[in-house]
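Colleague: Below is the structure I would like to discuss, written out as structure tokens.
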Amino acid sequence: MTKRRDPKPVDPSELPRLARAVIEADRLPFLATVDQDRPRLRPVSPVRTDGFTVYVASLRSYHKTGEIAANPRVELAYLSADHDQVRISGRAEAVTEQGLLREIWDANPLLRHYLGTPENLELIVYRIVPERVRFMREWSVEYHEVPLDAGRQERSSGATHDAAGAHDRGSRFGHRRRTGRHPDHRSSAEPALADSDTEPDLALATRRHRLGADRHARQQHQVRGRAAPETLPVADGLRAGHGGLRRFERRRRRLS
């Protein structure tokens, strides 16, 4: 039987730093919404983070867009490789500031690749305004309240994190669900699936498109008589869960 380890003590003055470290380490948090009387949960890929204020891109045809319109109270859950947790509870609101939308668009090549233009009517970006932030150390049974003013001070100082390079730095992208259709078979205005339980995150769907292109390149190597790179097959990687996908990404980057 695994012996329970005692959690490391937490210095209250270090809580903002510890919480931000978890947020920066987990590129694929889970977003919880409410669908009438039923909770919904899906991985998302934030397009920008200012302190504890998180920005998530969506499409107007996605189920979560309707869920947020009906009930804007949401929660984000982050998990680090050391199993430290951060939970951000707050309200989601649509971003309407054109300057901010342009900054987010310019900083996210995946959005540009997937939607083509910031004027795409399907695009909607949510700002998740934190109302409560909690941190939990691995092996602990106690959440620590993180002061919200620490996130506000970071925002006012101009310190931000966007997702421009997050997906190329080995993000935790364990998307276990399959869409059944390659993104090339959809128009840029039709990337959504009808069922909210299988709805792909915008950036995740684009990432899957790029992995498909990598697989095509390996096949071309074989056709031309050259040895294909020894990488884990994409389908096996998608079935392998978070750990297998991280290993797959590390191997793919070393070989590229």
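The values are calculated or read from the model by the stated rules, or taken from the named source; none is laboratory data. Just so it is clear, the structure is predicted and the values come from calculations on it, not from any experiment. Cβ sites come from the backbone with ideal geometry, for glycine too, and all protein chains shown count toward neighbours.
Colleague: Quick test of your reading of the structure: E67 fulfils all but one of (1) under 26 Å from P147 (Cβ atoms); (2) out of contact with any Phe, Trp or Tyr (no Cβ under 8 Å at 6 or more places or on another chain). Name the failing condition by number.
Modeller: Looking at each condition in turn, E67 falls short on (1).
Colleague: Now for a different question. Look through L115, L41, L59 and report the one residue that is surrounded by fewer than 15 Cβ atoms within 10 Å (Cβ to Cβ) and of a type in the set (A, V, I, L, M).
Modeller: Within the list L115, L41, L59, the selection yields L41.
Colleague: Which ones in segment 60-73 are over 15 Å from the mean Cα position of the chain (by Cα) and either under 19 Å from P16 (Cβ atoms) or not in a loop (DSSP other than H, G, I, E, B) (or both)?
Modeller: H63, T65, G66, E67, I68, A69, A70, R73, listed by residue number.
Colleague: Report every pair of residues separated by at least 6 positions or lying on different chains whose Cβ atoms are under 7 Å apart, first residue within segment 35-51 and under 14 Å from L79 (Cα atoms), second modelled with pLDDT under 95 and of a type in the set (A, V, I, L, M, F, W, C).
Modeller: Between residues of segment 35-51 that are under 14 Å from L79 (Cα atoms) and residues that are modelled with pLDDT under 95 and of a type in the set (A, V, I, L, M, F, W, C), the close pairs are P43/L204; S45/A163; S45/A203; S45/L204.
Colleague: So the check is Cβ under 6 Å with 6+ separation or different chains; which pairs have a first residue in segment 80-106 that's assigned by TED's automatic domain parsing to the domain that holds T117 and a second one that's of a type in the set (G, A, S) and surrounded by fewer than 18 Cβ atoms within 10 Å (Cβ to Cβ)?
Modeller: Within 6 Å, the pairs are S80/A25; R87/A77.
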